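Okay, here's the structure, questions in a sec.
The values are calculated or read from the model by the stated rules, or taken from the named source; none is laboratory data. This one's a predicted model, so the numbers in the text were calculated from it and none came from an experiment. Note: ideal-geometry Cβ built from the backbone for every residue, glycine included; neighbour counts use all protein chains shown. With ligands, DNA and RNA removed, areas are computed over all heavy atoms of the protein, side chains included. Shrake-Rupley method; radii C 1.70, N 1.55, O 1.52, S 1.80 Å.
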Amino acid sequence: MLKGKNAVVTGATGVIGGAIARAFADARANVLVGGFGAPEEIEKLRADLTARSGGAALHSGADMRRPDEIGRLIELAQKQLGSVDILVNNAGIQHVAPVETFPPEKWDEIIAVNLTAAFHAIRAAVAQMKARRWGRIVNIASVHGLVASPDKGAYVAAKHGLVGLTRTVALETAPFGVTCNAICPGWVDTPLVREQIAARAAKEGRSPDAIAAAMLQEKHPSRAFVEPEQIGAAVVFLCSPAGAAITGAAIPMDGGWVAQ
Ligand code: NAD
């Protein structure tokens, strides 16, 4: 379905980004994946993507805190693949603490990776999309782009900012065949959430399984985690012809969290 299209997915060495990259490869797109990781794991991911797509799969270890490295990541895709038709801003980090003890350096890092990196990547890729009159930008925000939770000041601020950036870019690009949307997942069982489960388990003296169940009970009427593959499929849908009229949307995928 996306044969001949070139997609960049940041943070694709992680769980959600990996699922998005695989969904693109299954749709026959070429993919450049970003993110940190052990070289042998990255090679395994690259080989899996090529086997699925029959096309190209590249990796960039660009640090998304660094605007110059983000520029080089987009340039690498433009040079090696020929273009960036699809950009998925997915790299993200978390830190949980009340605002009065929130470490300022963690604030800076979360805003840099979860928000500012998307600005730099879009800025570098969007002119060529507009010129070709086709492009898809998908920002992986969060339910925390739509509602807040305590102790997540930096993350909530970054994700609300990312939803705002999504809407602005959507308005700027709508006349040029380019769409820009945000996906807003609830709980997905990934290292980013496992860290929070482990911290709460230690604090409350309960098992990680009990905490995971309590978190779903508190926030997800579905009582189920969102699956990374469901997010991958939603991203591919937004890039398909059926998704062409959807732009500027912040789409919750949260088992009903923000409907409450
Ligand atoms: P993850 O920890 O599995 O993956 C994070 C990815 O980001 C990794 O590939 C990592 O290498 C990359 N990354 C982190 N810092 C980086 C940096 N400085 N430079 C380059 N790459 C960097 O996390 P995940 O849960 O798959 O999260 C992916 C995205 O989904 C994030 O934006 C996160 O906020 C969002 N999200 C996650 C959940 C959830 O419940 N897990 C819910 C809503 C939104």
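Somewhere in segment 129-140, is a residue over 20 Å from S240 (Cα atoms) and either outside the structural domain of P221 (by TED's automatic domain parsing) or free of Cβ contacts under 8 Å to residues at least 24 places away in the same chain (or both)?
no
Residue check, L171 against (1) open to solvent by 60 Å² or more (accessible area, probe 1.4 Å); (2) in contact (Cβ under 8 Å) with a residue 60 or more places away in the chain; (3) not in a helix (DSSP H, G or I), all met but one. Which one?
(3)
Quick one: is I111 open to solvent by less than 50 Å² (accessible area, probe 1.4 Å), out of contact with any Asp or Glu (no Cβ under 9 Å at 6 or more places or on another chain) and more than 25 Å from F225 (Cα to Cα)?
yes
Here's another thing I want to ask about it. Scan segment 127-155 for residues that are surrounded by 21 or more Cβ atoms within 10 Å (Cβ to Cβ) and either hydrophobic (A, V, I, L, M, F, W, C) or more than 11 Å from the ligand (Cβ to nearest atom) (or both) and report the count.
9
Quick grid of which residues meet (1) touching an Asp or Glu at 6+ places or on another chain (Cβ under 8 Å); (2) outside the structural domain of T13 (by TED's automatic domain parsing); (3) within 16 Å of the ligand (Cβ to nearest atom):
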residue	(1), (2), (3)
L32	no, no, yes
E41	no, no, yes
A51	no, no, no
G54	no, no, no
G61	no, no, yes
M64	no, no, yes
Q94	yes, no, yes
W107	no, no, yes
A117	no, no, yes
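Out of L76, L115, L49, I need the residue that is touching a Ser or Thr at 6+ places or on another chain (Cβ under 7 Å), assigned to a helix (DSSP H, G or I), among the hydrophobic types (A, V, I, L, M, F, W, C) and modelled with pLDDT of 95 or more. Which one?
L76
For V84, indicate whether it is in a strand (DSSP E or B), among the β-branched types (V, I, T) and under 18 Å from I137 (Cα atoms).
For V84, the condition - in a strand (DSSP E or B), among the β-branched types (V, I, T) and under 18 Å from I137 (Cα atoms) - is not met.
Being open to solvent by 50 Å² or more (accessible area, probe 1.4 Å), acidic (D, E) and either assigned to a loop (DSSP other than H, G, I, E, B) or farther than 29 Å from W134 by Cα (or both) narrows it down to one of E229, E218, so name that one.
E218
Another question, if that's okay. Limited to segment 189-215, what total is found for residues that are within 15 Å of the ligand (Cβ to nearest atom), assigned to a loop (DSSP other than H, G, I, E, B) and polar (S, T, N, Q)?
Final tally of qualifying residues: 1.
List pairs: first in segment 53-67 and assigned to a strand (DSSP E or B), second hydroxyl-bearing (S, T, Y), Cβ under 9 Å, 6+ apart or cross-chain?
Correct list of pairs: A57/T50; H59/T13; S60/T10.
Here's a follow-up. If you scan segment 1-13, which residues turn out to be surrounded by fewer than 23 Cβ atoms within 10 Å (Cβ to Cβ) and within 12 Å of the ligand (Cβ to nearest atom)?
Correct list: T13 only.
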